[in-house]
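The values are calculated or read from the model by the stated rules, or taken from the named source; none is laboratory data. Nothing here was measured: the structure is a model prediction, and the numbers come from that model. Cβ coordinates were reconstructed from backbone atoms using ideal geometry, including for glycine residues, and neighbour counts include every protein chain displayed.
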Amino acid sequence: MQLFKRVDQLQAFLNAERVNNRSVGFIPTMGALHAGHLTLVKRSLAENQITVASIFVNPTQFNEANDLDRYPRTPGKDLQALAKVGCNVAFLPEVDDVYPPGLDTRLQIDLSGLDARMEGAQRPGHFDGVAQVVKRFLDIIQPENLYMGQKDYQQQLIIKQMVRVLDLPYRVITVPTVREEDGLALSSRNVLLDPEIRQRSVILYQTLLEAKKRLIKGELPKDIETWAMEALSQPGFRPEYFSIVDGHSLQPLPDQEELAELIVACTAVWAGEVRLIDNLPLRGNL
């Protein structure tokens, strides 16, 4: 596995590979890698000749300095994990490489309201930072394919919208969420969970599954949302939202829920001192 820390060195390597028409797949990460990240890498390895995984804790997408400071950083373990699955290239740039002085990397694009609800409402400016860093990495790497996880459902929709609006020549591929045996979605933040809280964190997935059953039985989305917020309000847990939305627009569903071909439930819950997110398609396929 090749390791690069500078943009110019990575680009020189990729340019040499492109002479031979080798396709490039890219996985952007913030490190603290788990099996979910490695599933993205494996998917890219199966579909491209060169796979690049970046590890960069992006400061522009954090609303609070404490959250940025607490974000787990395990570069040594991450590089071992990437090498073990056969990743071709690891890219670990410094902040000044990603955001060099004098280069304006901010974006002003129409996200069609995809950033207005749920995570966008709870974390103002978060998706501006996400779009900014992903666009910057796409400019640097210029992959054929970009791989993102379903767990960050709203995020992958926003990146797809960014690619459409800017007419970028990249394909965004969403890979299904990887879960622990008890159903908890894999997340870099899971390592921060208190052990007792961790045991009970499966409540997120259980609530999503029950929401799907209730929708199939004909309950109205707004009634399911109310039930789910109550179900998630257990000792040690504080739900921020449980939203059942159109899976394409993220807009609330009308009472005639059959109008939406793709319906997704999304939730964010504080589990002790750790904020977890999860989602589940209740109808249709991604």
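Brief remarks follow.
- Selected residue (only one of Thr51, Thr29 is of a type in the set (S, T, N, Q), free of Cβ contacts under 8 Å to residues at least 60 places away in the same chain and in contact with a His (Cβ under 6 Å, 6 or more places away or on another chain)): Thr29
- Residue check, Gln206 buried (at least 18 other Cβ atoms within 10 Å of the Cβ) and at pLDDT 95 or above: no
- From Val269, Val264, residue being touching a Phe, Trp or Tyr at 6+ places or on another chain (Cβ under 7 Å) and more than 30 Å from Asn66 (Cα to Cα): Val264
One line per residue, one yes/no per condition, for (1) under 22 Å from Gln122 (Cβ atoms); (2) in contact with a His (Cβ under 8 Å, 6 or more places away or on another chain); (3) of a type outside the set (D, E, K, R):
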site	(1), (2), (3)
Met162	yes, no, yes
Leu184	yes, no, yes
Lys212	no, no, no
Ile216	no, no, yes
Leu220	no, no, yes
Arg238	yes, no, no
Phe242	yes, no, yes
Leu250	yes, no, yes
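- Within the stretch 235-257, the set of residues being touching a strand residue (DSSP E or B) at 6+ places or on another chain (Cβ under 9 Å), farther than 20 Å from Lys160 by Cα and part of a loop (DSSP other than H, G, I, E, B) comprises Gly236, Leu253.
- Residues of the stretch 125-136 that are within 15 Å of the chain's Cα centre (by Cα) and under 18 Å from Leu166 (Cα atoms): Phe127, Asp128, Gly129, Val130, Ala131, Gln132, Val133, Val134, Lys135.
- Single match in Pro169, Pro195, Pro235 (criterion: closer than 30 Å to Ala12 by Cβ, of a type outside the set (S, T, N, Q), free of Cβ contacts under 8 Å to residues at least 40 places away in the same chain and surrounded by fewer than 15 Cβ atoms within 10 Å (Cβ to Cβ)): Pro169
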